[in-house]
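The values are calculated or read from the model by the stated rules, or taken from the named source; none is laboratory data. Please read all numbers here as calculations on a predicted model, not as lab measurements. So basically every Cβ, Gly included, is an ideal-geometry build from the backbone, and we count neighbours across all protein chains shown.
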Amino acid sequence: MIEVKKFVFNPFLENTYVIWSDENNEAMVIDPGCFSEEEENELTSFIAQRKLNVKYLITTHCHIDHIFGCAHIKEKYNPVFIIPEHDLQLLKNVKIQAEMFGVEIKIPPLPDLYLNEDISLSLNQSHINFIFTPGHTPGEFCIYLPKEKILFSGDVLFRESIGRTDLWGGSYEDLIKSIKDKLLVLPIDVRVFPGHGEETTIGEEKLKNPFLINN
């Protein structure tokens, strides 16, 4: 069985997720937004308490609020670090991103691998697929566990909202197409864990999301 723990970190109130198999404690950290030493300690203390083996570090996209903690997690656990290839420029320009918002960041390392839809990872017996959903950024991917009906939607789909498209590489048309063609075709009872805000489901967003109903 897969377990999910959400942390809300940094000034942007970003959702960081740890997911793991309760059978062998293999774990993945998704979008580590830990910004301060206190937030780093909160995350690593949880991992230690649960005796998790951090196998993967994955970012859905490379905006600064989702990668604050990448350097810390990579240094501490040395997981396989995977990002969207089309967001590499965002990762490389993280200093510029930090200057734009007046914050500091530990510079993340370069990734070990790039996400694509042909990759299928696993935590114990649970398979993890990746869905290419550009629009918020040029390279963003959602993370989907089909057996568990769990989707980590990054900043693509929120509860009754969608990701912004006014930043570098954003496209409203691409974002709507990604959501409609790639996400709304999933079963309606898929639980959606977004990059900000509260959990939702695919079914709820099909019925209630004003950005999707009117498009």
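Of everything in the stretch 37-67, what is over 15 Å from Lys5 (Cβ atoms), touching a helix residue (DSSP H, G or I) at 6+ places or on another chain (Cβ under 8 Å) and either in contact (Cβ under 8 Å) with a residue 40 or more places away in the chain or assigned to a helix (DSSP H, G or I) (or both)? Give them in sequence order. Hits for the stretch 37-67 are Glu40, Thr60, His61, Cys62, His63, Ile64, Ile67. Report, by residue number, each residue of the stretch 184-215 that is among the aromatic types (Phe, Trp, Tyr) and either more than 20 Å from Val29 (Cα to Cα) or surrounded by fewer than 14 Cβ atoms within 10 Å (Cβ to Cβ) (or both). If the condition is that a residue be among the aromatic types (Phe, Trp, Tyr) and either more than 20 Å from Val29 (Cα to Cα) or surrounded by fewer than 14 Cβ atoms within 10 Å (Cβ to Cβ) (or both), then Phe211 is the only one that fits. If the condition is being outside any strand (DSSP E or B), without any contact (Cβ under 8 Å) to a residue 40 or more places away in the chain and closer than 14 Å to Leu151 by Cβ, then the stretch 199-215 contributes Gly203, Lys206. What about His127, is it surrounded by fewer than 18 Cβ atoms within 10 Å (Cβ to Cβ) and either within 15 Å of the chain's Cα centre (by Cα) or assigned to a strand (DSSP E or B) (or both)? Yes, satisfied. Restricting attention to the stretch 136-154, which residues are farther than 10 Å from Lys182 by Cβ and more than 10 Å from the chain's Cα centre (by Cα)? His136, Thr137, Pro138, Gly139, Leu145, Pro146, Lys147, Glu148, Lys149, Ile150 - these are the residues of the stretch 136-154 that are farther than 10 Å from Lys182 by Cβ and more than 10 Å from the chain's Cα centre (by Cα). Among the residues of this structure, Gly139 does not count as one that is closer than 30 Å to Leu52 by Cβ, in contact with a Lys or Arg (Cβ under 6 Å, 6 or more places away or on another chain), assigned to a loop (DSSP other than H, G, I, E, B) and at pLDDT 95 or above.
One residue stands out in the stretch 68-100 among those that are outside any helix (DSSP H, G or I) and of a type in the set (Val, Ile, Thr): the one that is farthest from Glu26 (Cα to Cα), namely Ile83.
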